[in-house]
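Colleague: Please read through the structure below; I'll follow up with questions.
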Amino acid sequence: GQLYGDVLYFATEARAGWTHSDPRPLYFWGYFVGLNGLWLLVPGLLLLDACRQLATAQRGHDRPRHKAH
């Protein structure tokens, strides 16, 4: 949900031509892109980590088991 909201936030602002953001470089790159980008980076990294863990667990589950005779 966080990623979806942030993508919409950036996309609607880009579509509007960045009219709602302060044009000063420090504000735009530091606050608008930098600080808001953290809300994309952190959930993205957590999602990537979860996908890796799920893939590892699935590989372990799919591995053929040897039957004891």
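Just so you know, all these numbers are worked out from the coordinates, no wet-lab data involved. Just so it is clear, the model here is predicted, and its values are computed rather than measured. In this analysis, Cβ positions are derived from the backbone assuming ideal geometry, glycine residues included, and neighbour counts consider all displayed protein chains.
Colleague: Can you tell me the 0 to 90 degree angle between the C-alpha axis of helix 2-15 and the longest principal axis of the chain, rounded to 10?
Modeller: Helix 2-15 and the main axis of the chain meet at about 30 degrees.
Colleague: A further question follows. Work out from phi, with θ = phi - 60° and the Karplus expression 6.51 cos²θ - 1.76 cosθ + 1.60, the ³J(HN,Hα) of each residue of the range 24-41, listed in order in whole Hz, and give x for Gly and Pro.
Modeller: With coefficients 6.51, -1.76 and 1.60, one gets 5, x, 5, 5, 4, 7, x, 8, 5, 7, x, 5, 6, x, 4, 6, 9, 5 Hz.
Colleague: Based solely on C-alpha atoms, express the radius of gyration and the Dmax of the chain in angstrom.
Modeller: Cα only, the chain: 20.6, 74 Å (Rg, Dmax).
Colleague: Among Cys51, Leu8, His20, whose Cα lies farthest out toward the positive end of the dipole of the chain, if unit charges sit on the beta carbon of Lys, Arg (+1) and Asp, Glu (-1)?
Modeller: Checking the options against the dipole of the chain, the answer is Cys51.
Colleague: I'd like the Karplus ³J(HN,Hα) series for the range 44-57: coefficients 6.51, -1.76, 1.60, θ = phi - 60°, whole numbers in Hz, and an x wherever there's a Gly or Pro.
Modeller: So the Karplus estimates, Gly and Pro as x, are x, 5, 5, 5, 4, 4, 5, 5, 5, 5, 5, 5, 5, 5 Hz.
Colleague: Between Lys67 and Ala50, what is the spin-label point distance in nm, taking each point 7 Å from the Cα along the Cα→C-beta axis?
Modeller: 3.8
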